[in-house]
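Shown next, in structure tokens, is the structure this report addresses.
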There are 2 protein chains.
Amino acid sequence: MAAEKGFCLWFTGLSGSGKTTITNVLVKELRRRGSKLEVLDGDIVRQNLSKGLGFSKEDRDTNIRRVAFVADLLSRNEVPVITAAISPYRQLRDEARAKMDGRFIEAYVKASVEECERRDVKGLYAKARSGEIKEFTGVSDPYEPPENAELVIDTEEQSPEESAHQILDYLEQQGLIPAA
Amino acid sequence: MAAEKGFCLWFTGLSGSGKTTITNVLVKELRRRGSKLEVLDGDIVRQNLSKGLGFSKEDRDTNIRRVAFVADLLSRNEVPVITAAISPYRQLRDEARAKMDGRFIEAYVKASVEECERRDVKGLYAKARSGEIKEFTGVSDPYEPPENAELVIDTEEQSPEESAHQILDYLEQQGLIPAA
């Protein structure tokens, strides 16, 4: 087994793009390989660190800074972390990257708004279109795609399992996780 | 060197009781021994996780729950953590204890309000007495001392170095840190 190394696999992408689904596949496989792992999923973080924050630019930024603060604490102690928040703003992701210099792996989970809206697993796009949800990323709030992500995961072209394998291959090549 | 084990050394005590001073001595010594360590000091947490929260009972509880959430993430991954927040309410400390079952070490940093007020390193007691600061623990807000703390650190009777040694002895006996 490879030595544990700390890294932060930072997913970014629209609601419905597949961040959580891919995370679940990864968690199962990484646990099977005996790797430590923590997941800071958007909902977990909103519940435990950011209750009371809304979805204005300022509140989103605060939320993402908290995710980065905790991801840094873990990854600098050799605990691998996956974050799975929309994290729509490039500047905030770059802030997280700078904080976790050398440990930050940006994974852009790519799917068009049209495709995410077609999936609409949680029914959120429908609520955003009807105006029931305001400030919804991709509909009424901006999403800024990464320009230099370490990984681009095209979930219109591949299944969650294929996406997970693309990521596992990358992490193995970097010597960050035990081999299969 | 002993295997790294995760634990949470949870300080509780009035402002000025000596939590931060003792923490600083501990950090220096534990780093010297090659132990991993993270410190979640009251100010660090207020800055990074709880900006916008005040000092009402509800906001204090939210703050302490966030400290416990992060301390749990770290300690369950074998990263020792020191928390140094006033944490005045027994119920919230007991919640943290339950969450970190078997990893939680409560250290009551004991000094009377009179003594802390006499020290008044940050000038906060003066501001609390004049009414400039509201809801100040020990003056205008309650402090509930622990009933079954693993450690009682009497900072009216001993120096910060003596207090740190009392704690180091305990952690060594428990097999939680490398020997000197």
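Observations, loosely collected:
- Looking only at the range A:35-53, and only at residues there that are under 21 Å from A:Glu162 (Cα atoms) and part of a loop (DSSP other than H, G, I, E, B), the one that is nearest to the other protein chains (Cβ to nearest Cβ): A:Leu37
- Tally, over the range B:137-162, of residues that are polar (S, T, N, Q), within 15 Å of B:Leu14 (Cβ to Cβ) and touching a strand residue (DSSP E or B) at 6+ places or on another chain (Cβ under 9 Å): 1
- Scan of the range A:1-36 for residues that are surrounded by fewer than 18 Cβ atoms within 10 Å (Cβ to Cβ) and under 14 Å from the mean Cα position of the chain (by Cα), ordered by number: A:Asn24, A:Val27
- Residues that are free of Cβ contacts under 8 Å to residues at least 40 places away in the same chain and acidic (Asp, Glu) within the range B:101-143 comprise B:Asp101, B:Glu114, B:Glu132, listed in sequence order.
- Among the residues making up the range B:91-101, a single one is modelled with pLDDT of 95 or more and assigned to a loop (DSSP other than H, G, I, E, B): B:Met100.
- Residue ID - nearest to the other protein chains (Cβ to nearest Cβ), chosen from residues in the range A:54-65 that are of a type in the set (Lys, Arg) and surrounded by fewer than 22 Cβ atoms within 10 Å (Cβ to Cβ): A:Arg65
- One residue from A:Asn77, A:Asn63 being among the polar types (S, T, N, Q), over 12 Å from the mean Cα position of the chain (by Cα) and assigned to a loop (DSSP other than H, G, I, E, B): A:Asn77
- Any chance A:Val121 is farther than 23 Å from B:Glu78 by Cα, surrounded by fewer than 19 Cβ atoms within 10 Å (Cβ to Cβ) and β-branched (Val, Ile, Thr): yes
- Any hit, the range A:99-106, residues being within 14 Å of chain B (Cβ to nearest Cβ) and either over 16 Å from the mean Cα position of the chain (by Cα) or loosely packed, with under 15 Cβ neighbours inside 10 Å (or both): yes
- When A:Pro88 is tested against (1) under 27 Å from A:Ser35 (Cβ atoms); (2) out of contact with any Leu (no Cβ under 8 Å at 6 or more places or on another chain); (3) part of a loop (DSSP other than H, G, I, E, B), just one condition goes unmet, and that condition is (1).
- Pairs, first touching a residue at least 40 places away in the same chain (Cβ under 8 Å) and within 9 Å of another protein chain (Cβ to nearest Cβ) in the range B:66-85, second among the acidic types (Asp, Glu) and buried (at least 24 other Cβ atoms within 10 Å of the Cβ), C-beta under 8 Å, six or more apart: none
The values are calculated or read from the model by the stated rules, or taken from the named source; none is laboratory data. All of these numbers come straight from a predicted model, not from anything done at the bench. Cβ sites come from the backbone with ideal geometry, for glycine too, and all protein chains shown count toward neighbours.
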